[in-house]
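The values are calculated or read from the model by the stated rules, or taken from the named source; none is laboratory data. Computed from a predicted structure; not experimentally measured. Backbone-built Cβ (ideal geometry, glycine too); neighbour counts: all protein chains shown.
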């Protein structure tokens, strides 16, 4: 890919709370190239090993972001105390980048795997001939003590090449592969099928400050409720996200739910008056930690002060009363771990009774992205795109002032379509076939982006 500066693999989010040092929490460090061949090992310092009561070769359960975890074998390395070297494939399984924090816990009672099913990732087996089981899987599991976890991916590298596999079934979910483990190799999976559609904070371009605020306000009450209990205070119960449409308010909440492992219930117009408590909050309370997202909350519970002369409908009055009652109930409960988020394009259209302490405790503005934010958004959405050398993302960011996040995504899509239209001769529309020779050199050029800016701006930025 050309035209996009490689984004450093590091955690750019500012920590919102610093707790006392915990030896089980380690910072992910870079793995030396010479050692980067075994995705089943986590390497830590001798001192960290002693602090955690671990020995070389022990099995540990490692927790990362998104409430994701995996199992690895302890190895040692000459690195700073409080750090851990983890293979790229395992970092992906944990949803972490270099500089993120992982938690290590001993896993002494791990069981033997009875049955293991794996599938190769399609883009890693191109050109590979012969039996994947005989050439890659059998030697990999026969030659070492391998811990596995359902849903993980792992890399097998030998003289025949490098193949990445995804574990599609594992009995039990965590385990060690033994000689009598039945190993099945299924058909290949696409990269999208293997990775899944999960959205995280790093997929939200341009809103680092807003993400940090939401982490502090909602993430901590959802994942660390004991912090507030120990202090004897009530955590925040809700927040309002406000700003122009198309800037990712809903996407930000989806990322929050994924990062915290919280259940997400979306309240939309299909929910009838009176069902807010009986349906949405019952589901949320049964699936704690949980987030209830109420989109366009000003339509559900409009500001009564701004409705003078036209009044509010009976259903709006019912919904407002319901919401107030729900917040009061949440404040009476000790368990918590239910957080309510409302979105609106206009903060003043939300009734003031909801914008009080113990209800929507605060509001976060999700405004139009500035130039650095637009550059961040463009970089994220073009990360896997083939760009010509003349593409200048800094210039595009400067020329798209006033564009929303959605408009920038539309610009990327339209620019790609420009290249498709220019190469229609290589596409047989009737047969649904594409000439690979005509598609191979396709790269989006700067002129494709520039020609689409006016139309994307007119359609609404």
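Rundown of residues vs (1) outside the structural domain of residue 452 (by TED's automatic domain parsing); (2) surrounded by 14 or more Cβ atoms within 10 Å (Cβ to Cβ); (3) outside any helix (DSSP H, G or I), yes/no style:
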site: 380; (1), (2), (3): no, yes, no
site: 385; (1), (2), (3): no, yes, yes
site: 389; (1), (2), (3): no, no, yes
site: 408; (1), (2), (3): no, yes, no
site: 421; (1), (2), (3): no, no, no
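Going by the conditions given, is residue 358 within 30 Å of residue 396 (Cβ to Cβ) and surrounded by fewer than 16 Cβ atoms within 10 Å (Cβ to Cβ)?
no
Just so you know, in the stretch 331-355 the residues that are out of contact with any helix residue (DSSP H, G or I) (no Cβ under 7 Å at 6 or more places or on another chain) and assigned to a loop (DSSP other than H, G, I, E, B) include one that is surrounded by the fewest Cβ atoms within 10 Å (Cβ to Cβ), and it is 334. Considering each residue of the stretch 356-374 in turn, none proves to be in contact with a helix residue (DSSP H, G or I) (Cβ under 8 Å, 6 or more places away or on another chain), in the same structural domain as residue 264 (by TED's automatic domain parsing), closer than 30 Å to residue 232 by Cα and part of a helix (DSSP H, G or I). Any idea which of (1) crowded, with 20+ Cβ neighbours inside 10 Å; (2) at pLDDT 90 or above; (3) within 23 Å of the chain's Cα centre (by Cα) is the one residue 168 doesn't satisfy? Among (1) crowded, with 20+ Cβ neighbours inside 10 Å; (2) at pLDDT 90 or above; (3) within 23 Å of the chain's Cα centre (by Cα), the lone unmet condition for residue 168 is (1).
A single member of 261, 274, 243 is closer than 16 Å to residue 325 by Cα, surrounded by fewer than 23 Cβ atoms within 10 Å (Cβ to Cβ) and not assigned by TED's automatic domain parsing to the domain that holds residue 408, and it is 274. Residues of the stretch 80-89 include none that is closer than 16 Å to residue 174 by Cβ, out of contact with any helix residue (DSSP H, G or I) (no Cβ under 9 Å at 6 or more places or on another chain) and outside the structural domain of residue 137 (by TED's automatic domain parsing). Counting just the residues of the stretch 121-160 that are assigned to a strand (DSSP E or B) and touching a helix residue (DSSP H, G or I) at 6+ places or on another chain (Cβ under 8 Å), which one comes out surrounded by the fewest Cβ atoms within 10 Å (Cβ to Cβ)? Top of the filtered list is 158. Can you confirm whether residue 61 is in contact with a helix residue (DSSP H, G or I) (Cβ under 9 Å, 6 or more places away or on another chain) and either at pLDDT 95 or above or under 25 Å from residue 219 (Cβ atoms) (or both)? Considered against the rule, which asks whether it is in contact with a helix residue (DSSP H, G or I) (Cβ under 9 Å, 6 or more places away or on another chain) and either at pLDDT 95 or above or under 25 Å from residue 219 (Cβ atoms) (or both), residue 61 comes out as no.
Evaluation of residue 202 against the conditions (1) closer than 30 Å to residue 368 by Cα; (2) part of a loop (DSSP other than H, G, I, E, B) shows that the sole unmet condition is (2). Considering the stretch 72-86, and only residues there that are touching a strand residue (DSSP E or B) at 6+ places or on another chain (Cβ under 7 Å) and assigned to a loop (DSSP other than H, G, I, E, B), the residue that is farthest from residue 151 (Cα to Cα) turns out to be 79. Counted as qualifying within the stretch 224-300 are the strands (runs of 3 or more DSSP E) with 2 or more residues that are in contact with a strand residue (DSSP E or B) (Cβ under 9 Å, 6 or more places away or on another chain) and in contact (Cβ under 8 Å) with a residue 40 or more places away in the chain, namely 238-242, 290-294.
Determine whether the stretch 192-207 contains at least one residue that is touching a strand residue (DSSP E or B) at 6+ places or on another chain (Cβ under 6 Å) and farther than 30 Å from residue 350 by Cα. There is at least one residue in the stretch 192-207 that is touching a strand residue (DSSP E or B) at 6+ places or on another chain (Cβ under 6 Å) and farther than 30 Å from residue 350 by Cα. Evaluated against (1) assigned to a loop (DSSP other than H, G, I, E, B); (2) over 23 Å from residue 156 (Cβ atoms), residue 103 falls short on exactly one condition, (1).
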